[in-house]
Structure formats: structure tokens, C-alpha cells
Amino acid sequence: MSNTIGRFSQAAWGLLAYNMLVVLWGAFVRATGSGAGCGDRWPLCNGVMLPRAPRIETIVEFTHRATSGLALAGVATLCFWAFRVFPRGHRARTFAALSVVFLFAEALLGAGLVLFQYVEHNASAGRAAYLSAHLVNTQILLAMLTLTAWFGSRPIPRAWGGAPKLVMAALPAALVVAVSGAIAALGDTLFPAASVASGMRQEFSRTAGALLRLRALHPVLAAAGGVILLAAAFRAMRSGRAPAARIGAVLATLVFVQLAAGAVNIALLAPVWMQIVHLLLANLLWVALVVTALESGR
């Protein structure tokens, strides 16, 4: 039984890592303007199941759809496995089922981007709002997979009495920063700047649109959020429990690395590769924060 539980937990962490890669590829689709690579059709790509002689944009978008389909199949299998392995009432069952729900919602939101044509050069407020909802759903999905892996590491339900208030407050703060980051990244894609100075002139111009205004707000929110996350990390490090202290130290390190990456992203004028690195760090930070909440609440 213990071997089965160990394999389940490893599979859950592996699926979490895989879904993070799918999320990064989705960001690559947006950053390269490949969202319309399959036209305005979904789930078919340009009206066919398998595109022939595709353009590079079609390959990028089709790959994202294919990997997303594999993610859905993998998480559904994990959920079935959880119900086979764990007893009724075990939290691994609950969060595995919720992972399927939020991944299904993720697929529908991704389809909406195509069907509503929130791709390529669309700079509407609707696209920004839709991307924000998509980002929040993505973060909740990653949290559900993290919870599945963490609770699924024991055959007997792990006790969790709730994390300290400071740690719990860091969760919505991190979401707000992540949403502002998604909007800022969209602004970088649609309104690239020739230099840092020209980018600032764009953002503070009287004629600047909402996306540019929000792009200027992201560094401020990131700095404020970083303070809250560091406070949560130090709270976990002072909990007196070794696992909570370790993950708190990881969280604090990721905050500093992410803030530095954000500064580099601005200085380099947000090249695609740096946007992907920045998002990877954001997702790792989010998972570390969720685990911090779990370990500091035991």
C-alpha cells in the first residue's frame, strides 16, 4: 500500500510539473502572436483534426492544444486513481476531483480565447478581463494539483488546521500580482517599447490606453506583494517546524529571484524568453506559497 501511495504522490507532482509546462507554452503562444494559428475554430485546427503543411504559428498553437489534451487525460486518470487508492473522505480524492474541474474550465477558457478572437493584436478591455479570469483559473488549478500531491502522500488523511493569517493573506496578494503581471505581459506583446524611457513615456502619456496604464502599475504591485510574501515566508520560518521553515526559506528565495527577474525583464524590454522565465518563477513561487500554507498549518 505504501508503495502505491508513493507512486501516486510522485505522479501527482509530475502532473503538476507537466501542467506548468503547458501553461508556459500557452504564454509562448500569446507572446509570439500565435493564438490564431488554428484560425477561429476549436477544437479543430483550421477545420481539420490534423493540419497539413502548417505555418509556424499553426504548429505553436496546435502543439499547445495537443499538450493541453494530454494534461486533461492525465489529470482525469489521476482522479480515477485517487478514488481507487484512498478511502472515502480522504482529501486527495476531493482535490483530485477539483483538479479535473478546474482543468476542464481551463480548456473551455482556452477555447474562448480562440472563439471570441482574443488573440493576436486584439487590445480590447474584454481580452484583458478574459486573460485575468484565465490566469486566476490557472493558479487555482495549480493549487488543486499541489493539494492533491501533498494530501496524497499519506494513506491516512493528513491533519491541517489552517495556516497563520499572514500566510493565508499572502495567497490573494499573490493572485493580484499575478493578474497584473498577465496584463503587463499582454501590454508588452501589443505595445513593445523601443527603450525603457520610451516605454515609460507610452505608459504615462495622456493618450495611453488601459493596458499601458496597468503595465506601469505591475512593478508597484509586485513590490508590495513581495513584502507580503516575504512576511509570510519569515512567519513560516519561525514556526518551529522544520518542513515549514524549509519551504519558507524556499519561498523567500523565490521572492528575491522573481523581483530581480522582473527588473531584468523591464531592462531587456520583455523579450519572449524572459517573459517565459518570469512566468516560470511566478508559478514556482505560487506552488511554494501553497505548500508553505499547508506545512505551516499542521
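The values are calculated or read from the model by the stated rules, or taken from the named source; none is laboratory data. From a predicted model like this one, the values you see are computed outputs, not experimental measurements. With ideal geometry, Cβ positions are generated from the backbone for all residues, glycine too; neighbour counts draw on all protein chains shown. Only protein heavy atoms, including side chains, enter the accessible area calculation; ligands, DNA and RNA are left aside. Shrake-Rupley method; radii C 1.70, N 1.55, O 1.52, S 1.80 Å.
The portion of the accessible surface of the chain made up by carbon and sulfur, rounded to a whole percent, is 70 (1.4 Å probe; DNA, RNA and ligands excluded). Computed with the Debye formula from one identical point scatterer per Cα of segment 30-75, without solvent, the log10 of I(q)/I(0) at q = 0.19, 0.31 Å⁻¹ comes to -0.55, -1.15. For the chain, the Kirkwood hydrodynamic radius comes to 20.2 Å, computed from all pairs of different C-alpha atoms.
Its relative contact order, with pairs defined as Cα atoms under 8 Å and 6+ residues apart, puts the chain at 22 percent. Measuring between their Cα centroids, segment 268-292 and segment 1-48 lie 16 Å from each other.
Averaged per residue, segment 248-298 has 38 square angstrom of accessible surface, using a 1.4 angstrom probe with ligands and nucleic acids left out. Assign one of three labels to segment 1-112, namely rounded, prolate or oblate, based on the Cα gyration tensor with a ≥ b ≥ c the square roots of its eigenvalues; rounded applies when a/c is under 1.5, prolate when it is not and a/b is larger than b/c, and oblate otherwise. Since a/c reaches 1.5 and a/b is larger than b/c, the shape of segment 1-112 is classed as prolate.
Across all Cα atoms of segment 186-298, the radius of gyration (one decimal) and Dmax (whole number) stand at 16.7, 53 Å.
In terms of its Cα atoms, segment 56-210 spans 60, 42, 23 Å along the principal axes, sorted from long to short. Can you tell me the alpha carbon radius of gyration of segment 88-178 divided by the globular rule-of-thumb value 2.2 N^0.38 Å? Cα-based Rg divided by the globular estimate yields 1.34. In a Debye calculation with equal point scatterers on the alpha-carbon sites of segment 226-283 and no solvent, what is log10 I(q)/I(0) at q = 0.15, 0.26, 0.29, 0.31 Å⁻¹? For segment 226-283, the Cα-only Debye profile gives -0.49, -0.93, -1.05, -1.12. Computed over the chain, the per-residue total of -39500 (n - 2.57) for DSSP H runs of n ≥ 4 gives a 222 nm mean residue ellipticity of -27000 deg cm²/dmol, rounded to 500. Distance distribution P(r), segment 61-128, all Cα-Cα pairs, bin width 5 angstrom from 0: 4, 16, 20, 16, 14, 11, 9, 6, 4, 1 percent.
Here segment 132-183 is described by how far its Cα atoms reach on the three principal axes: 42, 23, 11 Å, from widest to narrowest. Once the Cβ-Cβ distance of residue 198 and residue 108 is raised to the sixth power relative to R0 = 30 Å, the FRET efficiency obtained is 0.20. Take 189-196, 110-117, 23-30 and order them by the average number of nearby Cβ atoms within 10 Å per residue, most first; the result is 23-30, 110-117, 189-196.
Shown here are the Rg and Dmax of the Cα trace of segment 172-219, at 10.7, 34 Å. The magnitude of the dipole of the chain, with charges of +1 and -1 set on the Cβ of Lys/Arg and Asp/Glu and taken from the Cα centre, is near 900 debye.
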